1. Using only DSSP helix segments of four residues or longer, with each worth -39500 (n - 2.57), what per-residue ellipticity at 222 nm results for the chain after dividing by its residue count and rounding to 500?
2. Give the lysines reachable from LYS107 as a straight Cα distance under 21 Å; neighbours fewer than 8 places away on the same chain don't count.
3. Mean separation of Cα pairs under 8 Å and 6+ residues apart, divided by the residue count of region 78-124: what relative contact order is that in percent?
4. Quote the FRET efficiency, to the nearest 0.05, computed for ARG149 versus GLU96 with a Förster distance R0 of 41 Å and r equal to the Cβ-Cβ distance.
5. Pick out which of LEU83, LEU65, LEU91 has the largest mean-square fluctuation in a Gaussian network model of the chain, springs linking Cα atoms closer than 10 Å.
6. Evaluate E = 1/(1 + (r/R0)^6) for LEU20 and ALA43, where r is the Cβ-Cβ distance and R0 equals 45 Å; express this FRET efficiency to the nearest 0.05.
7. Rounded to the nearest Å, what's the spacing between the alpha carbon centres of region 54-83 and region 98-174? Just the number, please.
8. Pairs of Cα atoms under 8 Å, at least six residues apart: use those to get the relative contact order of region 20-157, whole percent.
Amino acid sequence: DVGWHFRLPFFTRLEKEVPLMNQTLFLGGTPAPKKIISKENVALWTSAMMTFKIKDLHVWGIENLSPETLLQGDFDGIAKDTLQAQEVNKLISAREKIKEDIYQALKDRPINKDGPTIENKYGIEVVSFVLNETRFGDKLVEATEEKKRRQLIAEAENYAAEQEADRVKKLYKA
């Protein structure tokens, strides 16, 4: 057994199963709403979903070690940056415009300055973005309701005081 010996490798190629159908990613990795802070430091709960399709298997499976995890982080970063830069009243009233802004940011915005977009980095096509829910936190809702209740009580007390003042004026005139 002296000399050169050759062995055939057990593995002749590497394979990874990759579905080519549309796939989804949820904000924060779960469909449950996530807490975000608006531009005015108001806490809101929001849930969102991005749908994407793998276009370049080489970029997706070979150039990225764990593309699902990396894509989740980049998706969360871009979506949260865009959401948190908004004023709280726009997050509630202008959801359609914000949804379109996030969709365009996911398609066109570089992940880092002068870096690749999500589509180029992962070899995907962003198909859609849906902003499922945007609502105030429970404590803010309770505080708003309490403020309204106090305003109503104050208005009722002012009305009662005006009525009493009118009654007193009529008594002095008589």
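The values are calculated or read from the model by the stated rules, or taken from the named source; none is laboratory data. If you're wondering where the values come from, they're calculated on a predicted model, not measured in any experiment. In this analysis, Cβ positions are derived from the backbone assuming ideal geometry, glycine residues included, and neighbour counts consider all displayed protein chains. The protein model used for the area step is the full one, side chains on, heavy atoms only, and it has no ligands, DNA or RNA in it. Shrake-Rupley method; radii C 1.70, N 1.55, O 1.52, S 1.80 Å.
1. Mean residue ellipticity at 222 nm (helix-derived): -15000 deg cm²/dmol.
2. Of all the lysines, those that pass the test against LYS107 - Cα under 21 Å, at least 8 places apart if same chain - are LYS53, LYS55, LYS80, LYS97, LYS99, LYS121.
3. Rounded, it is 30 percent for region 78-124.
4. Working from the Cβ atoms, E equals 0.80.
5. Taking springs between Cα atoms under 10 Å, the residue moving most is LEU65.
6. 0.70
7. 32
8. 32
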